[in-house]
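The structure appears below as structure tokens.
Derivation of every value follows stated rules applied to the coordinates shown; laboratory data play no part. Remember, it's a predicted structure, so these values are computed and weren't measured experimentally. Neighbour counts run over all protein chains shown; Cβ positions are idealised from the backbone, glycine included.
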Amino acid sequence: MKRLIVNADDFGWSEAVTSGILRAHRDGLVTSTTLMADLPGAEAALARARLEAPGLGIGLHLNLTEGRPLTGDAAAPLTDGQGEFVRSPLALARRVRTSEAARLAAEREWEAQILWARDHNLRPTHLDGHKHVHLAPGLLPITIALAKKHGIPAIRTTAEWRPAGIAKMLPHEWGVKDRLRQMILARVGRRWGVAGRRDVRNAGLATTDWFFGLRATGGISAELIEYVLRCAPEGTGELMVHPGEAEASPARPTRLAGSRPAELAALCEERTRRAAEENGWTLINYEGLKP
């Protein structure tokens, strides 16, 4: 069995990102996306998906590091002096590790994001997290508990597949700092993902057998997609991507602003769509998983 979920993160980040994800589903390989319910673009993104992409699986991109919390002042242990989430995942991890108030605020905020989805008639296919913080040791139990409470059947786990020779396929313009950053993130993500996969399955929820995308975040090319489709292990996997249309003045600061259009083009190339078929992959979204 060879089944693949191609999930585009950050649905609702901006109009350009939303448009890119919808195009990558319509014309390319994307089968699934995850919505950032607390961002201003979430409602428009959901409305467009219903009209333009009824077959797109939509989960929730649980968020504690971008924008303003839905719970307002109740999220104060997670915010800066202006009511915005502190953008650093490391700062978030420290707060959650050392503060019961921060953990309670995280649980309230994530439940508010799930309830926002339900109020907008979205039954999420799965949960994942912006910057993957849903798998952090202090937050994974909350993620699992909320999934079970609200009947959400699956959770992303980042058990990062480590293909040989992948370094040669990363962008040539990446320097040592870029490569080292992604290597560290992939190693941490794999550690969290392997433990998370065990805990998620023990809780009776579904997840994938393998995952790829941390090592190459911001550097997904057609060549790399073809390599993944040719060499990835059997079972059910997830390829994480971040497509988007070009935007002259990004609404939110992110290092991915420049890479999103290239990733969109790669996902829509005929060669990558053909590679999925030639290598025997069945493209699904998280609705196709069973615990």
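Once C-alpha pairs closer than 8 Å and six or more residues apart are averaged by separation and normalised to the residue number of the stretch 2-288, the relative contact order reads 26 percent. Computed across the stretch 103-183, the Kirkwood hydrodynamic radius from all distinct Cα-Cα pairs reaches 15.1 Å. When only the Cβ of Lys, Arg, Asp and Glu is charged (+1, +1, -1, -1), the dipole of the stretch 2-288 relative to its Cα centre reaches about 960 debye. When peptides 101-107, 45-51 are ranked by their average number of other Cβ atoms within 10 Å per residue, the highest-first order is 101-107, 45-51. Spin-label pair Arg271-Arg68: with each label point 7 Å from Cα along the Cα-Cβ axis, the two points sit 4.6 nm from one another.
Each of His134, His150 was scored by other Cβ atoms within 10 Å of its Cβ. Listed from fewest to most, they are His150, His134. Taking square-rooted eigenvalues a ≥ b ≥ c of the alpha carbon gyration tensor, is the stretch 31-170 rounded, prolate or oblate, where a/c under 1.5 means rounded and, failing that, a/b exceeding b/c means prolate? Oblate, because a/c is 1.5 or more while a/b does not exceed b/c. The angle separating the long axis of helix 100-119 from the principal Cα axis of greatest extent in the chain is about 60 degrees. Packing, taken as the mean count of other beta carbons within 10 Å per residue, orders the peptides 184-191, 33-40 from highest to lowest as 33-40, 184-191.
Remark: the Val86-Met183 segment gains 32.5 nm on full extension, using 0.36 nm per residue and subtracting the alpha carbon distance. The alpha-carbon atoms of the stretch 139-291 define a convex hull whose volume equals 137 cubic angstrom per residue. With Cα atoms defining each centre, the stretch 100-150 and the stretch 1-23 are spaced 20 Å apart in the structure. My understanding is that a pair violates if its Cα-Cα distance is over 29 Å; which of Lys168/Lys290; Lys149/Lys290; Lys2/Lys168 do that in this structure? From Lys168/Lys290; Lys149/Lys290; Lys2/Lys168, over 29 Å: Lys168/Lys290.
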